[in-house]
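Structure first, then comments.
The values are calculated or read from the model by the stated rules, or taken from the named source; none is laboratory data. Given the structure is predicted, the values throughout are model-derived calculations rather than measurements. Because the Cβ atoms are built from the backbone with ideal geometry, glycine has one as well, and the counts that use them run over all protein chains shown. Surface accessibility is based on the protein's heavy atoms, side chains included, excluding ligands, DNA and RNA. Shrake-Rupley method; radii C 1.70, N 1.55, O 1.52, S 1.80 Å.
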Amino acid sequence: MKEAMDCARAAEESGEVPVGAVVVDEKGVIIGRGFNKVIGDADPTAHAEIMAIRQAAKVKKNYRLENCTLYVTLEPCPMCAGAIMNSRFSRLVYGASDEKAGVVDNVCKLFSYPTLNHHTKTTSGICSQDCLKLLRDFFEKKRKKESSN
(Lines give C-alpha, C1' and ligand atoms only; values in the text may rest on other atoms or scores of the structure.)
Protein backbone atom coordinates (compact mmCIF):
# COMPACT_ATOMS: atom_id res chain seq x y z
CA MET A 1 0.00 0.00 0.00
CA LYS A 2 2.95 2.31 0.61
CA GLU A 3 3.83 2.09 -3.10
CA ALA A 4 0.24 2.96 -4.04
CA MET A 5 0.43 5.95 -1.69
CA ASP A 6 3.62 7.08 -3.46
CA CYS A 7 1.66 6.94 -6.73
CA ALA A 8 -1.11 9.00 -5.11
CA ARG A 9 1.46 11.64 -4.15
CA ALA A 10 2.63 11.74 -7.77
CA ALA A 11 -0.97 12.40 -8.81
CA GLU A 12 -1.20 15.29 -6.37
CA GLU A 13 2.06 16.77 -7.68
CA SER A 14 0.43 16.73 -11.13
CA GLY A 15 -2.65 18.55 -9.83
CA GLU A 16 -4.79 15.42 -9.86
CA VAL A 17 -6.88 13.94 -7.06
CA PRO A 18 -4.35 11.84 -5.09
CA VAL A 19 -5.34 8.26 -5.81
CA GLY A 20 -2.69 5.66 -6.58
CA ALA A 21 -2.62 1.99 -7.47
CA VAL A 22 -0.14 -0.83 -7.97
CA VAL A 23 -0.49 -4.33 -9.39
CA VAL A 24 1.55 -7.07 -7.74
CA ASP A 25 2.04 -10.46 -9.39
CA GLU A 26 2.08 -13.87 -7.72
CA LYS A 27 5.82 -13.49 -6.99
CA GLY A 28 5.31 -10.21 -5.14
CA VAL A 29 6.73 -8.09 -7.95
CA ILE A 30 5.09 -4.79 -8.89
CA ILE A 31 4.15 -5.06 -12.57
CA GLY A 32 1.90 -2.01 -12.86
CA ARG A 33 1.70 1.44 -11.31
CA GLY A 34 -0.85 4.12 -11.86
CA PHE A 35 -2.24 7.35 -10.56
CA ASN A 36 -5.11 9.59 -11.55
CA LYS A 37 -4.51 11.37 -14.86
CA VAL A 38 -8.05 12.37 -15.77
CA ILE A 39 -7.29 16.10 -15.87
CA GLY A 40 -3.85 15.95 -17.48
CA ASP A 41 -4.89 13.41 -20.10
CA ALA A 42 -8.40 14.87 -20.54
CA ASP A 43 -9.58 11.28 -20.19
CA PRO A 44 -12.43 10.34 -17.84
CA THR A 45 -11.19 6.73 -17.81
CA ALA A 46 -7.67 7.61 -16.64
CA HIS A 47 -8.24 6.53 -13.03
CA ALA A 48 -5.31 5.14 -11.03
CA GLU A 49 -6.63 1.57 -11.22
CA ILE A 50 -7.08 1.69 -15.00
CA MET A 51 -3.58 3.08 -15.52
CA ALA A 52 -2.02 0.35 -13.34
CA ILE A 53 -4.10 -2.38 -15.00
CA ARG A 54 -3.07 -1.23 -18.48
CA GLN A 55 0.61 -1.30 -17.53
CA ALA A 56 0.35 -4.72 -15.86
CA ALA A 57 -1.50 -6.23 -18.82
CA LYS A 58 1.29 -5.07 -21.14
CA VAL A 59 3.91 -6.60 -18.85
CA LYS A 60 2.00 -9.90 -18.65
CA LYS A 61 1.06 -9.71 -22.34
CA ASN A 62 -2.38 -10.80 -21.26
CA TYR A 63 -5.63 -9.06 -20.42
CA ARG A 64 -6.19 -11.53 -17.60
CA LEU A 65 -4.30 -10.70 -14.43
CA GLU A 66 -5.10 -13.88 -12.58
CA ASN A 67 -3.04 -14.49 -9.44
CA CYS A 68 -2.38 -10.74 -9.18
CA THR A 69 -3.37 -8.30 -6.46
CA LEU A 70 -4.38 -4.70 -7.03
CA TYR A 71 -3.60 -2.25 -4.22
CA VAL A 72 -5.40 1.08 -4.44
CA THR A 73 -5.62 3.97 -2.00
CA LEU A 74 -9.36 4.57 -2.49
CA GLU A 75 -12.30 2.20 -2.80
CA PRO A 76 -12.93 1.66 -6.53
CA CYS A 77 -15.76 3.28 -8.47
CA PRO A 78 -18.10 1.28 -10.75
CA MET A 79 -15.90 1.70 -13.83
CA CYS A 80 -12.76 0.53 -12.05
CA ALA A 81 -14.58 -2.31 -10.31
CA GLY A 82 -15.71 -3.57 -13.70
CA ALA A 83 -12.16 -3.43 -15.02
CA ILE A 84 -10.90 -5.27 -11.94
CA MET A 85 -13.43 -8.04 -12.44
CA ASN A 86 -12.82 -8.28 -16.18
CA SER A 87 -9.07 -8.49 -15.53
CA ARG A 88 -9.71 -11.49 -13.25
CA PHE A 89 -7.71 -10.19 -10.30
CA SER A 90 -7.42 -12.69 -7.48
CA ARG A 91 -7.45 -9.96 -4.86
CA LEU A 92 -8.21 -6.28 -4.37
CA VAL A 93 -6.84 -4.34 -1.41
CA TYR A 94 -7.91 -0.76 -0.81
CA GLY A 95 -7.26 1.91 1.78
CA ALA A 96 -9.88 4.61 2.25
CA SER A 97 -13.60 4.02 1.83
CA ASP A 98 -15.53 6.10 -0.69
CA GLU A 99 -19.06 6.59 0.61
CA LYS A 100 -20.20 8.46 -2.50
CA ALA A 101 -18.81 6.31 -5.33
CA GLY A 102 -17.22 3.17 -3.88
CA VAL A 103 -18.84 -0.07 -5.00
CA VAL A 104 -16.95 -2.60 -2.89
CA ASP A 105 -18.50 -1.84 0.49
CA ASN A 106 -20.47 1.39 0.20
CA VAL A 107 -22.82 2.36 -2.63
CA CYS A 108 -23.26 -1.33 -3.32
CA LYS A 109 -21.30 -4.50 -2.69
CA LEU A 110 -20.58 -5.32 -6.30
CA PHE A 111 -17.89 -7.91 -5.62
CA SER A 112 -20.25 -10.02 -3.52
CA TYR A 113 -22.89 -10.64 -6.19
CA PRO A 114 -23.12 -14.45 -6.42
CA THR A 115 -24.18 -14.47 -10.09
CA LEU A 116 -20.97 -12.87 -11.35
CA ASN A 117 -18.69 -15.22 -13.24
CA HIS A 118 -15.51 -14.11 -11.43
CA HIS A 119 -15.05 -13.39 -7.76
CA THR A 120 -12.22 -11.17 -6.57
CA LYS A 121 -11.36 -11.38 -2.88
CA THR A 122 -11.38 -7.95 -1.23
CA THR A 123 -9.62 -6.47 1.77
CA SER A 124 -10.45 -2.95 2.94
CA GLY A 125 -9.05 -0.41 5.35
CA ILE A 126 -5.32 -1.03 4.82
CA CYS A 127 -3.53 2.21 5.77
CA SER A 128 -6.96 3.83 5.57
CA GLN A 129 -6.12 6.82 7.76
CA ASP A 130 -2.98 7.63 5.74
CA CYS A 131 -4.87 7.26 2.46
CA LEU A 132 -7.71 9.40 3.75
CA LYS A 133 -5.28 12.07 4.95
CA LEU A 134 -3.84 12.40 1.43
CA LEU A 135 -7.32 13.10 0.09
CA ARG A 136 -8.40 15.42 2.91
CA ASP A 137 -5.21 17.48 2.72
CA PHE A 138 -5.54 17.78 -1.06
CA PHE A 139 -9.13 19.03 -0.93
CA GLU A 140 -8.41 21.33 2.02
CA LYS A 141 -5.57 23.00 0.06
CA LYS A 142 -7.81 23.22 -3.00
CA ARG A 143 -10.63 24.89 -1.03
CA LYS A 144 -8.22 27.38 0.56
CA LYS A 145 -6.77 28.23 -2.84
CA GLU A 146 -10.23 28.70 -4.37
CA SER A 147 -11.44 30.88 -1.48
CA SER A 148 -8.39 33.16 -1.74
CA ASN A 149 -9.06 33.87 -5.43
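Taking every lysine pair in the chain that is 8 or more places apart or spans two chains, those with Cα atoms closer than 21 Å amount to 24.
I want the local charge near GLU99. Using Cβ-Cβ distances under 14 Å, sum +1 for each Lys or Arg and -1 for each Asp or Glu among the other residues. Intermediate results must be reported in sequence, preceding the final value.
Numbers: positive: LYS100, LYS109, ARG136; negative: GLU75, ASP98, ASP105.
Net local charge, GLU99 excluded: 0.
Scaling the Cα radius of gyration of the range 71-139 by the globular reference 2.2 N^0.38 Å produces a ratio of 1.09.
Electrostatic bookkeeping for THR45 treats Lys and Arg as +1 and Asp and Glu as -1; over the other residues with beta carbon under 14 Å from its beta carbon, the sum is -2. Put a plus charge on the Cβ of each Lys and Arg, a minus charge on the Cβ of each Asp and Glu, and nothing anywhere else: the dipole of the chain about its Cα centre is then about 220 debye. Ligands, DNA and RNA are left out, and with a 1.4 angstrom probe the accessible area of the chain is 55 Å² per residue.
The H on the amide N of THR122, modeled in the peptide plane, is under 5 Å from the matching H of LEU92, each at least 5 residues off or on a different chain.
The length gained on full extension between CYS108 and ARG136, counted as 0.36 nm times the residue separation minus their Cα-Cα distance, comes to 7.8 nm. Other residues with beta-carbon under 13 Å from the beta-carbon of HIS118 carry, at +1 per Lys or Arg and -1 per Asp or Glu, a net charge of +3.
Given a Förster radius of 30 Å and the C-beta distance between ARG143 and LYS2 as r, what FRET efficiency does 1/(1 + (r/R0)^6) yield to the nearest 0.05? Computed FRET efficiency for ARG143 and LYS2: 0.65. For the range 1-124, carbon and sulfur atoms together expose 51% of the accessible surface, with a 1.4 angstrom probe and every protein chain in place.
Evaluated over the Cα positions of the range 1-124, the convex hull gives a direction-averaged projected area, one quarter of its surface, of 6.9 nm².
Across the range 75-84, coupling constants 3J(HN,Hα) worked out from phi with the 6.51/-1.76/1.60 Karplus curve, θ = phi - 60°, read 3, x, 7, x, 4, 5, 4, x, 5, 5 Hz, and Gly and Pro carry x.
Across the range 117-133, rounded Karplus estimates of 3J(HN,Hα) from the backbone phi angles (6.51 cos²θ - 1.76 cosθ + 1.60, θ = phi - 60°) give 7, 9, 10, 8, 6, 10, 10, 10, x, 6, 6, 4, 5, 5, 5, 5, 4 Hz, Gly and Pro being marked x.
Distance between the pseudo-spin-label points of ILE39 and LYS100 (7 Å out from Cα toward the beta carbon): 1.5 nm. Taking the Cα centre of the range 25-79 as origin and assigning +1 to Lys and Arg Cβ atoms and -1 to Asp and Glu Cβ atoms, the resulting dipole is close to 280 debye. Extension gain for LYS61 to ILE30 (0.36 nm times residue separation, less C-alpha to C-alpha distance): 9.7 nm. Only helices enter the 222 nm calculation for the chain: every DSSP H run of n ≥ 4 contributes -39,500 (n - 2.57), and dividing by all residues gives -12000 deg cm²/dmol, rounded to 500.
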